[in-house]
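For reference, the structure discussed in these notes is given below.
The values are calculated or read from the model by the stated rules, or taken from the named source; none is laboratory data. Computed from a predicted structure; not experimentally measured. Counting neighbours? That spans all protein chains shown, and the Cβs are built from the backbone with ideal geometry, glycine included.
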Amino acid sequence: MELTFLKGMATGGGLILAIGAQNAFVLSQGVRKNHILVIPLICALCDAVLISLGVMGLGKVIASSRILSLATGIGGAVFLFWYGAGAFWSAYGGGRLEPDQAGKPSLKSAVLATLAVTLLNPHVYIDTIILLGSLAGQFQDPGRMLFGAGAMTASFIWFFTLSIGATLLAPLFKREISWRILDSSVGLVMWAIGLSVLRDVLARL
């Protein structure tokens, strides 16, 4: 049983560690010290819900629905391009991190932005519901649930580590060039994923 849990944790961790839209967002907000506990909590809880749905078999339903997969892909690509454009604009404007800097987003804004970057990214559904769901299906109960629990644990550990760990980089971001590099990197990641999603959508048309 412990081995099944560890397999779920290792598989989930491997998927989550890849640099994606969600990780780029959490990193950039962590550096800014914006709601460093709330944002990773929302990401981890969303992953937990989606992994649970995948373990229960929803992945097969989504994968078999052409309309649902196309709608999710188009909406996700549009959001990723929009968010990436905002990151490039921020890089163009530059900035510095000051200890008493105002402008921290409200809790509501942080929650909505986190939900958007998480739930409007089709790759999240592919990784959690479809991939992890199908892998969990190889086990008999309670192994299936243990595999899912291991993947959820990896998600919680990763997002909180990323968010809190990013605050240690804050001293580097007293320099304008550091902000430009970070925001440009976030923009590139968002657009690269958006192009990948759009390519997948066009291939299904």
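Some observations on this one:
- Scanning segment 132-143 for residues that are surrounded by fewer than 19 Cβ atoms within 10 Å (Cβ to Cβ) and under 18 Å from G12 (Cβ atoms), we see that the one that is modelled with the lowest pLDDT is Q138.
- Of the residues making up segment 150-161, those that are surrounded by fewer than 21 Cβ atoms within 10 Å (Cβ to Cβ) and not aromatic (F, W, Y) number 3.
- For segment 1-15, filtered to residues that are small (G, A, S) and buried (at least 19 other Cβ atoms within 10 Å of the Cβ), the residue that is modelled with the lowest pLDDT is G12.
- Pairing residues of segment 104-117 that are under 13 Å from C46 (Cα atoms) with residues that are aliphatic (A, V, I, L, M), at Cβ distances under 6 Å and at least 6 apart in sequence or on separate chains, gives T114/I39; T114/I42; V117/A21.
- Just one residue in the set L182, L146 is over 24 Å from Y83 (Cβ atoms), surrounded by 17 or more Cβ atoms within 10 Å (Cβ to Cβ) and of a type outside the set (S, T, Y); that residue is L146.
- Single residue of segment 84-120 satisfying the filter (at pLDDT below 75 and over 17 Å from S178 (Cα atoms)) that is surrounded by the most Cβ atoms within 10 Å (Cβ to Cβ): K104
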